[in-house]
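What follows is a single structure, written as structure tokens, with notes after it.
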Amino acid sequence: MSSREDILGRVRARLDRNATNAAPARAAIDATLAARTQGPRPAVPVEKSALVAWFRDKSLAQSSTLDSVPTLVDAPAAVARYLDGMNLPLRVVIWPSLAGLDWRAAGIEVAPRGAVDSDLVGITGCFCAIAETGTLMACSAPDHPATVSLLPETHIALVPMSRIVPGMEDAWNLARTELGSLPRAVNFISGPSRTGDIEQTIVLGAHGPYRVHLVIVEEA
């Protein structure tokens, strides 16, 4: 039994959850979520082109850099241009789910695995992107290791335009609809890591990547 299963099992036991009452309890939770009311939200546009423009503006405000490509197959070349322009290595760690793209043709050597401390560049996708704050939502899975966006100094994310949603409420609704049960970890990434702990001076890269580059894919 894993630690996760052990902890959740003890929680279920304290709540007196069993095979008999689990379904009604789940139905009650779903009904509560469906009936909830939302508080005030910023007037983020829902029309796609305006939504993407909003996401771009908010991402730039978060100190991310941006590029866009017509299709996913064009992403490796765009990533190579970025790496060359920043004098970064063409050897990267990548989500295994993205390893099937033709990175070799772009001159990039990819390692489809979780990141380690010696990896300088990590490439990921995202579950969705939040226009309101210029934020990526990443859900961990065996082919989406969370470390790829956390450990390398430079994080490059491929962002399908179709997965940009207005706000965080929409992102969580999408997760409930598509994932069923939540993954082991959900990470929200709003530009490079930063801190203002010392004399309120903002320092990038304090607890993670100090570069975040987003490649928006118009047709995933």
Fill in the blank from the handout: By residue number, the members of region 12-27 that are surrounded by 10 or more Cβ atoms within 10 Å (Cβ to Cβ) and not in a loop (DSSP other than H, G, I, E, B) are Arg12, Ala13, Ala22, Ala25, Arg26, Ala27
Fill in the blank from the handout: Residue set Gly196, Gly191, Gly180, Gly122; condition buried (at least 23 other Cβ atoms within 10 Å of the Cβ) and modelled with pLDDT under 95; output residue Gly191
Exercise for the section: Select, from Asp74, Asp67, the only residue that is closer than 22 Å to Glu219 by Cβ and under 19 Å from the mean Cα position of the chain (by Cα). Expected result: Asp67
Exercise for the section: Quick one: in region 35-64, of everything that is basic (Lys, Arg) and not in a loop (DSSP other than H, G, I, E, B), which residue is farthest from Ala157 (Cα to Cα)? Expected result: Lys48
Completion exercise
For region 127-144, the count of residues that are assigned to a loop (DSSP other than H, G, I, E, B) and surrounded by fewer than 23 Cβ atoms within 10 Å (Cβ to Cβ) equals 6
Exercise for the section: Check off (1) touching a residue at least 40 places away in the same chain (Cβ under 8 Å); (2) more than 29 Å from Arg81 (Cα to Cα); (3) surrounded by fewer than 20 Cβ atoms within 10 Å (Cβ to Cβ) for Ala171 and give me the number that stays unchecked. Expected result: (3)
Problem - Filter result for Ala78 (more than 27 Å from Glu132 (Cβ to Cβ) and modelled with pLDDT of 95 or more) - result: no
Practice task
Could you pull out the residue among Ala19, Ala35, Ala53, Ala43 that is of a type in the set (A, V, I, L, M), more than 26 Å from Ala131 (Cα to Cα) and either out of contact with any helix residue (DSSP H, G or I) (no Cβ under 8 Å at 6 or more places or on another chain) or not assigned by TED's automatic domain parsing to the domain that holds Val215 (or both)?
Solution key: Ala19
Fill in the blank from the handout: Subset of region 79-123, residues assigned to a helix (DSSP H, G or I) and within 21 Å of Ser140 (Cα to Cα), comes to Pro96, Ser97, Leu98
Problem - Members of region 45-63 found to be of a type outside the set (Gly, Ala, Ser), within 16 Å of Ser162 (Cα to Cα) and surrounded by 13 or more Cβ atoms within 10 Å (Cβ to Cβ), listed by number - result: Pro45, Leu51, Val52, Trp54, Phe55, Arg56
Handout entry: Residues of region 166-181 satisfying the condition of being under 14 Å from the mean Cα position of the chain (by Cα) and not small (Gly, Ala, Ser)
Key = Met168, Trp172, Leu174
Practice task
Quick one: which residue in Val121, Val73 is in the same structural domain as Pro142 (by TED's automatic domain parsing), of a type in the set (Val, Ile, Thr) and farther than 19 Å from Ile189 by Cα?
Solution key: Val73
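Just checking, how many residues over region 96-144 are small (Gly, Ala, Ser) and within 25 Å of Ala50 (Cα to Cα)? So that I can check it myself, show each step before the final result.
Step one: of region 96-144, the residues small (Gly, Ala, Ser) are 97, 99-100, 105-107, 111, 114-115, 118, 122, 125, 129, 131, 134, 138, 140-141.
Then keep just the ones that are within 25 Å of Ala50 (Cα to Cα); that gives 125, 129, 131, 134, 138.
Qualifying residue count, region 96-144: 5.
The values are calculated or read from the model by the stated rules, or taken from the named source; none is laboratory data. These figures come from a predicted structure and were not determined experimentally. A quick note on method: Cβ atoms are made from the backbone with ideal geometry, for glycine too, and the neighbour counts reach across all protein chains shown.
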